[in-house]
1. Based only on other Cβ atoms within 10 Å, what is the fewest-to-most ordering of A:W32, B:W326, A:W243, B:W241?
2. What is the sum of charges, Lys and Arg at +1 and Asp and Glu at -1, for the other residues whose Cβ falls under 14 Å from the Cβ of A:E29?
3. So what is the 222 nm mean residue ellipticity for chain A from helices alone, if each DSSP H run of at least 4 adds -39500 (n - 2.57) and you divide by all residues, rounding to the nearest 500 deg cm²/dmol?
4. Residue farthest toward the positive end of the dipole of the protein assembly as shown, with Cβ of Lys/Arg at +1 and Asp/Glu at -1: which of B:T226, A:V156, B:L76?
5. For labels at B:R342 and B:V79 in the simple 7 Å Cα→Cβ model, what's the distance in nm?
6. Averaged across the residues of A:50-59, what count of C-beta atoms belonging to other chains lies within 10 Å of each residue's C-beta?
7. Cα centroids of the range B:70-96 and the range B:263-321: how far apart, whole angstrom?
8. Of A:A34, A:A14, A:A317, which is the most mobile in a GNM of chain A whose springs link Cα atoms less than 10 angstrom apart?
Amino acid sequence: MNATAQLMGELLAAEGPSGRESEVVKILEPMWRALANRVERSRLGSLHALKRGEGREPRPSLMMAAHIDSIGMMVSGNVGGLLTVSPIGSVNPYVLPGLPVIVHGRREVPGVVTLRPSPPGAVPKQAVAGTAPRIFVDTGLASQQVSRFIRVGDIVSIDLPPVGLESGHMSGRALDNRAGIAALTLCLEQLSTERHSWDVWAVATTQEETTYGGAATSAYALRPDLALAVDTTFGKGAGADGWHYFEVGGGPTLCVGPNMHPGLHARFRQVAEAQQIPHSIEPVPASSESDAMALQVTGDGMPTMLLCIPVRNMHTAVEVVALRDVEETARLLTAFVVSLEPDFLSRMAWDT
Amino acid sequence: MMSTRPERILLLEQLCNAVAVSGDEREVRQIVLAALDGHVDDLSVDPLGSVIAVKRGTARRRTRVMLSAHMDEVGLMIVGTDQPGSLRFEIVGGLDTRYLQGKRVLVGKHRLPGVIGAIPPHLLPEGESGKVDHASLRIELGPGASAEIGDRAAYEPRTRVVGGLVFAKSIDDRIGVATLIELLQHTYRAIDLYAVFSVQEEVGARGAWAAAQRIDPGLAIVIDATAAHDQPTDDDSENTWYNSRLGFGPAVYAADSRTIYDARLVELVRSAAVRRRIPIQTRQPTRGGTDAGGIQRALSGIPCVAVSVPHRYPHSPISIARIDDWENTIALLEASLRILSRTPAASTRARRGV
């Protein structure tokens with residue numbers, strides 16, 4: 001198996017819905033410890049790894065953020081032994097029925113997401129009625145046993161390991177944004193054999209899918225000079241065509257719009273072209289719906305940039321990513337860090 | 001071939017992990033042939049692909065009893081390619097299409113992994129729900145991979161047996177197939193057992209009908225899996241149409257949409273349950289059908305009875321059944337065959353309509 005596939009497999013071995021990321025952080029922490037000068041956890045559970053630069057003190061610093069949380073489900077009730085669930089983040093209920101799950105109660109209880117039966121002759125109800133999801137988790141246990149092992153507020157994770165597809169593609173749940181975490185990890189690895197003058201903070205942020213809370217608080221704690229988010233964007237494919245969508249396998253997207261500093265965007269583009277790294281330009285007319293939104297307005301404001309890895313079927317259990325895109329994103333991050341002159345901040349022009 | 005309990009479970013897992021969409025039952029057929037080879041008196045594959053295994057009794061006068069469980073499952077067929085690696089598909093049998101979006105599938109003989117995708121919720125127009133008609137869904141294999149038109153596809157199997165429960169694709173009717181293999185471990189003195197592992201049940205009980213015409217049995221017992229709609233209903237109305245319930249034992253059929261079952265045989269099965277103190281339930285005489293829909297009208301008519309293992313979420317990616325219901329089904333059928341074996345004239349009378 002290819003090293004990137006293996007890294008992704010390790011990062012996907014645990015579930016980390018927003019606010020409950022610690023099982024994934026536990027997997028990532030030793031990896032970053034082996035690659036960084038200092039590793040610490042924030043008060044909201046984000047992981048910070050410092051890779052010191054060689055420039056003279058006081059050195060400027062860059063924060064590279066990728067969110068480690070994913071969308072998910074939480075138990076909201078027990079209806080005659082069937083569990084009702086409420087979404088964490090932006091969940092499409094239509095894609096959930098029929099998926100195997102684990103309910104993380106007093107013990108791990110397996111179950112399946114289902115739809116309740118419809119009376120004979122009635123049109124079967126869909127997964128959503130009006131705006132309310134009508135999906136359930138069936139553990140096969142009787143109602144009293146359910147109450148014994150499971151409480152409202154327990155996390156429900158999708159029990160589906162990733163699978164390799166043709167041509168170096170991978171499918172699974174939570175590729176948004178373990179793909180970004182993998183890219184940061186590969187970048188840290190590459191930086192250990194490169195020279196760079198800036199300090200680099202790799203940050204695995206929590207709670208992106210709900211509030212950007214991890215990114216906002218870690219940025220406040222670290223107060224970097226430049227901020228960068230690495231996330232996923234919509235992958236092109238059958239039924240998914242138009243300007244929102246980008247080719248899976250076509251390299252990362254460099255976002256452009258009010259959330260991104262034009263000077264920073266220009267440097268990324270320059271580096272990508274110089275290194276012949278495949279990429280596309282992603283227009284983001286207003287909100288990027290990513291950590292970059294929080295980073296930009298931290299403290300008294302920060303020049304911010306957003307890179308995205310195209311993922312098909314985002315926010316489903318069958319997201320698809322090209323491993324090559326993860327590798328190209330890491331290569332671009334590394335080349336960008338290496339390119340940073342000690343006085344880059346003063347060179348970065350607003351109006352070029 | 002004496003199997004211990006874990007072996008029985010392993011076989012069930014293996015059967016549920018196989019893919020055998022109606023008309024392409026190869027994977028299950030191979031498991032059945034391998035499991036029975038050398039353990040029965042005759043083993044053959046009929047012209048439609050059903051497996052027929054014979055276990056003869058030792059008495060001079062013997063009744064020919066047909067047992068039938070279907071090997072096939074509902075699924076998908078590839079009907080076209082849009083762009084490389086992106087496949088159009090059609091439904092085979094009564095698949096519940098509400099479950100298709102966002103699932104993993106296996107395509108073709110080589111079990112190529114693929115996914116059925118969905119539009120990201122971020123990009124759904126305001127007020128739109130995300131419900132998609134199955135005709136607009138595609139199976140994605142990834143660029144560079146391809147499939148043939150006519151290839152079958154099915155949900156990726158993820159069987160899990162835990163805490164007395166089975167979570168699996170195609171419990172309907174691999175649990176019947178496994179039951180039949182169990183029943184063939186024994187010999188019944190005055191019975192020649194003709195066990196039919198039938199094809200194409202999900203598209204109209206075609207395999208069982210042809211096999212019945214070949215075998216000409218005195219009576220037939222069908223072993224299937226039936227829906228347990230025993231949860232709170234989706235409109236919160238009182239659930240008076242649960243069909244069957246998990247944990248209440250094997251479901252004996254009085255009638256379904258295609259068959260009124262033979263009253264004498266229904267009573268025989270019930271008396272076997274009473275005698276052996278096996279819990280049973282009578283399936284509500286509602287929707288659905290079994291191989292009996294084909295068998296009963298074969299030749300000059302064949303008396304039929306059917307027994308099913310209850311399972312929730314039929315024709316979806318993962319159904320749930322209980323091991324105790326299954327074991328009680330095996331015990332009930334063994335007990336019924338013992339009674340039949342002691343009354344060899346029963347089937348003859350049944351045929352004459354006496």
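Read-outs throughout are calculated quantities, based only on the coordinates presented, and are distinct from any laboratory measurement. For clarity, every value in this text was computed on a predicted model and none was experimentally measured. Cβ placement follows ideal geometry from the backbone for every residue including glycine, while neighbour counts extend to all protein chains displayed.
1. Final ranking by Cβ density, sparse to dense: A:W243, B:W241, A:W32, B:W326.
2. Net of charged neighbours comes to 0.
3. So the helix-based figure for chain A works out to -8000 deg cm²/dmol.
4. Looking along the dipole axis, the top candidate is B:T226.
5. 5.4
6. Mean shielding count: 0.
7. Measuring centre to centre over Cα atoms gives 29 Å.
8. Looking only at A:A34, A:A14, A:A317, the largest GNM fluctuation is found for A:A34.
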